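**Q** Got a structure for you, written out below as structure tokens; questions coming shortly.
Only the coordinates and a few stated rules stand behind these numbers; no lab work does. The shown structure was predicted, so the numbers you read here are calculated from the model rather than taken from an experiment. Using ideal geometry, Cβ is built from the backbone for each residue, glycine included, and neighbour counts are taken over all protein chains shown.
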């Protein structure tokens, strides 16, 4: 299984693509056969390069569904040989979003029940540094 980390120059994430890759490697280290790679461009193009047959996408809530179906249909048009599989999140995580987790981290609330330990530590450290600088 390959976990793709999109390096999107149009977005300004809290962590760089390389940092997100490192965090994902740590979070998945106990799962055999997982490779984490940074990529640019379309997910279906990465899937083609890797000769993948399926793209797995997660759904948290109904709001995700509309967007993800549009994406899956576009991917099917671009690469009809690649299927999209949707997986529902566990209900205890369905309310989470990266925005909410980042906001909570800046308020120094506990994150242990929301994200893997390495991610919690990285968020806490980043929030501390942002607080010291008064910005990014």
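**Q** So what is the 222 nm mean residue ellipticity for the chain from helices alone, if each DSSP H run of at least 4 adds -39500 (n - 2.57) and you divide by all residues, rounding to the nearest 500 deg cm²/dmol?
**A** It comes out at -14000 deg cm²/dmol, rounded to the nearest 500.
**Q** Run through every distinct alpha carbon pair of the chain and return the Kirkwood hydrodynamic radius in angstroms, one decimal place.
**A** 16.7
**Q** Work out how much length residue 56 to residue 40 would gain on full extension: take 0.36 nm times their residue separation and subtract the Cα-Cα distance, in nm to one decimal.
**A** Residue separation times 0.36 nm, minus the Cα-Cα distance, leaves 4.0 nm.
**Q** By how many nm would the segment from residue 124 to residue 67 grow when fully extended, if each residue of separation counts as 0.36 nm and the alpha-carbon distance is taken off?
**A** Roughly 17.5 nm would be gained on extension.
**Q** Further question: May I ask you to compute the full-extension gain from residue 81 to residue 30, defined as 0.36 nm times their residue separation minus their alpha-carbon distance, rounded to one decimal in nm?
**A** Extra length available between residue 81 and residue 30 comes to 15.3 nm.
**Q** Sticking with this structure for a sec: Binning at 5 Å from 0, report for the range 96-136 what percent of all alpha-carbon pair distances ends up in each bin.
**A** Calculated over all Cα pairs of the range 96-136, the distribution is 5, 27, 36, 21, 9, 2 percent.
**Q** Could you sort 55-64, 17-26 so that the peptide with the highest average Cβ count within 10 Å comes first and the rest follow in order?
**A** In descending order of packing, they fall as 17-26, 55-64.
**Q** Send over the Kirkwood Rh of the range 53-115, from the inverse of the averaged 1/r over different Cα pairs, rounded to one decimal Å.
**A** 13.5
**Q** In nm, to one decimal, how far is the modelled label at residue 6 from the one at residue 109, with both set 7 Å along Cα→Cβ?
**A** 2.7
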